[in-house]
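Everything below concerns the one structure shown next.
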Amino acid sequence: MKHHDVIIIGAGAAGLMCAATAGYRGRDVLVLDNAKQAGRKILISGGGRCNFTNLKVEPANFICGNPHFVKSALARYPSQQFIELVERHGIEYHERDHGQLFCNDSAKEIVTMLLTECEWAGVSIKLRTDILAVSKTEAGRFELNTSNGELSCDSLVIATGGLSMPKLGATPYGYQLAEQFGLKVLPTHAGLVPFTWHSEDKIRFEPLSGIAVPSRITAKDGTAFSEALLFTHRGLSGPAILQISNYWKAGETIEINLLPNMDAAQALEQQLTAHPKQSLRNTLSQWLPKRLVEVLFDEALLNKALNQLVHAERAKLVDDLHRWTVLMNGTEGYRTAEVTLGGVDTHELSSKTMEAIKVPGLFFIGEVMDVSGWLGGFNFQWAWASGVAAGQAV
Ligand code: FDA
């Protein structure tokens, strides 16, 4: 049985970051993954350009059953440190809205950078390896039966990610292993995910597929995001929807402000004074795509001139524009979700080292645990920060 100081299961964002950090400390590190390629999620992230971090990372950008949990690791590995790493590797990047940083060229550069760091740190990586069984000996070592033979280690790090995108090899392995060792796993569901219409709404809104508008969307708990809203064949998507999906529960409505940058009541009043005979259709079509206006509002109402609208009609119109309340059927699920909410309960882990409190030597990092970030590079920042925290401790 070949022994290593550290074995990391999962050659994704968190696993590779942890491996390099531990390797540079002189630890003998082996990374195992059942995929045929390391960092597959990184490669497709950010539309192929990897939104690798964010300039403004705050604990409030994360959802976790224990909101204080993320503070220590994020403070000890701020986004600036990852940016410095990216710069040292000569990777060119640019900033988009809300401090999001993307590679200029390709997400592949981030994977190459991580693999290079692992190589420099003396880390071994074995792909196409299935983990068949894991046990802990009385002496405190972990023994692994794998499709590539028997292995043992002093520290075992679980970096198997969440359930999103099963076609990229996502598995519930990390949760199963946590449960095997008696750790609590919180229920999981898809996050950063598009919504789907109920069937009758689908017929009504499907023709709007491809239309994007600025919006402010509010969830039942009051959380709100001002970003683009996109109509799709099946439902609603775009950054505002992905963000709010993290705060949405089945059966809840969401409230959509379709004119977040103007006061519709005031604008309608001004338009009425300036062009009293203008049709409502023409007025609204100055503010929103005409196709959307025609699907949202009644034909007879749209044909009315502004000076024919009674007070109650104007009030309802303003309400519909600023507070369109929508009951979605559900989400597209793990198939298209960017993250998994829930996972290994952080109350079971040390926020400093990511080590299981009840099982010395066993660590959980990245998305497998109950930490999910907003859209905007926060999920990778958590993978880097938690990976470094464990890498310094294993
Ligand atoms: P990750 O999923 O990266 O790695 C897990 C590894 O474990 C994989 O290599 C997998 O093969 C391996 N594994 C799983 N089960 C195993 C088993 N049983 N045995 C052995 N190995 C196993 N975030 C962000 O900040 N910016 C962005 O731009 C994007 N974009 C984005 C796009 C899309 C389409 C998705 C699906 C996700 C994103 N994300 C993102 C989220 C981000 O990709 C995600 O949060 C991190 O990759 C999580 O890193 P981990 O290392 O925890 O898991």
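Some observations on this one:
- Cβ-based exposure ranking for GLU338, GLU119, in which fewest neighbours within 10 Å come first: GLU119, GLU338
- Projecting the Cα atoms of LEU186, THR171, SER199 onto the dipole axis of the stretch 143-207, where Lys and Arg carry +1 and Asp and Glu carry -1 at the beta carbon, places SER199 farthest toward the positive end.
- By definition, a body whose alpha carbon gyration tensor gives a ≥ b ≥ c is oblate when a/c is 1.5 or more and a/b is not larger than b/c, and the stretch 53-156 fits this oblate description.
- Taking the average, over residues, of other Cβ atoms within 10 Å as the packing measure, peptides 256-264, 44-52 rank 44-52, 256-264 from highest down.
- Share of pairwise Cα separations in the stretch 161-260, more than 22 Å, in percent: 42 percent
- In terms of other Cβ atoms within 10 Å, GLU227, GLU206 run from fewest to most in the order GLU206, GLU227.
- Compared with the alpha-carbon gap, the fully stretched path from ASP263 to LEU43 is longer by 75.0 nm at 0.36 nm per residue.
- Here the simple spin-label model places points 7 Å from the Cα toward Cβ, and for THR223 and VAL295 these points are separated by 2.6 nm.
- In a fully extended conformation the segment linking GLN176 and ASN66 would gain 37.5 nm over its present Cα-Cα distance, using 0.36 nm per residue.
- When the Cα gyration tensor is reduced to axis lengths a ≥ b ≥ c, the ratio a/c is 1.5 or higher for the stretch 252-299, and with a/b not above b/c it is classed as oblate.
- Taken one residue at a time, the phi angles of the stretch 243-260 give Karplus couplings (6.51, -1.76, 1.60, θ = phi - 60°) of 4, 6, 4, 5, 10, 9, 10, 3, x, 8, 8, 10, 10, 10, 8, 7, 10, x Hz. Gly and Pro are set to x.
- Neighbour net charge for GLU313 - beta-carbon separation under 15 angstrom, K R +1, D E -1: -1
- Charge tally in the Cβ shell below 12 Å around GLU179, where Lys, Arg are +1 and Asp, Glu are -1, GLU179 excluded: -1
- Long-range HN-HN contacts of VAL157 with modeled amide H, under 5 Å: ILE7, ILE8, ILE9, PHE363
- Using all pairs of distinct alpha-carbon atoms, the Kirkwood hydrodynamic radius of the chain works out to 22.8 angstrom.
- Packing-based order for 341-348, 73-80, using average beta carbon neighbours within 10 Å, highest first: 341-348, 73-80
- Charge dipole (Cα centre; +1 on Lys/Arg Cβ, -1 on Asp/Glu Cβ; no other charges) of the chain amounts to roughly 320 debye.
- Positive-end residue, the stretch 4-152 charge dipole about Cα centroid, Cβ charges, pick of ALA60, ILE8, ALA73: ALA60
- Test item: Cα-centred dipole of the stretch 257-336, Lys/Arg +1 and Asp/Glu -1 on Cβ, debye: 160 debye
- For LEU349, the residues whose modelled amide H falls within less than 5 Å of its own, excluding neighbours fewer than 5 places apart on the same chain, are ILE357.
- Put the Cα centre of the stretch 1-58 next to the Cα centre of the stretch 77-91 and the gap is 15 Å.
- Dimensionless Rg ratio for the stretch 1-115, taking C-alpha atoms and the 2.2 N^0.38 Å reference: 1.15
- Available extension along the chain between ILE203 and LYS184 is 2.6 nm, counting 0.36 nm per residue and deducting the alpha carbon span.
- Long-range HN-HN contacts of TYR93 with modeled amide H, under 5 Å: ASN104
- The Kirkwood hydrodynamic radius of the stretch 231-388, based on inverse pair distances between different Cα atoms, is 19.4 Å.
- Kirkwood-Stokes translational diffusion coefficient of the stretch 128-182, alpha-carbon pairs, 37 °C, 0.692 mPa s, µm²/s: 267 µm²/s
- Relative frequency of Cα-Cα separations exceeding 18 Å in the stretch 197-250, percent: 35 percent
- Environment charge of MET328, counting only residues whose C-beta is closer than 15 Å and scoring Lys/Arg +1, Asp/Glu -1: -1
- Exposure proxy ranking, count of Cβ atoms within 10 Å, fewest first, for LYS249, LYS136: LYS249, LYS136
- Note on the stretch 176-255: with charges restricted to the Cβ of Lys and Arg (+1) and Asp and Glu (-1), its dipole about the Cα centre is near 40 debye.
- Tensor-based shape of the stretch 93-203 (alpha-carbon gyration tensor, a/c under 1.5 rounded, otherwise prolate or oblate): oblate
- The 3J(HN,Hα) values that the Karplus relation (6.51, -1.76, 1.60; θ = phi - 60°) gives for the stretch 333-348 are, in residue order, x, 4, 3, 10, 5, 7, 9, 10, 7, x, x, 4, 4, 5, 5, 7 Hz. Gly and Pro appear as x.
- Computed FRET value (nearest 0.05) for LYS108 with THR253, which takes r as the C-beta separation and R₀ as 41 Å: 0.50
- Averaging the Cα positions of each part gives two centres, and for the stretch 150-189 and the stretch 259-336 these lie 48 Å apart.
- Modelled this way, with points 7 Å down the Cα-to-C-beta line, the labels at GLU119 and VAL326 are 4.7 nm from one another.
- Applying 1/(1 + (r/R0)^6) with r as the Cβ-Cβ distance of ALA139 and LEU168 and R0 = 30 angstrom yields a FRET efficiency of 0.25.
No value in this document is a laboratory result; all are computed from the given coordinates. Keep in mind that what you see is a predicted model, and the values were worked out from it rather than measured. Positions of Cβ are generated from backbone atoms using ideal geometry, with glycine treated the same way; all protein chains shown enter the neighbour counts.
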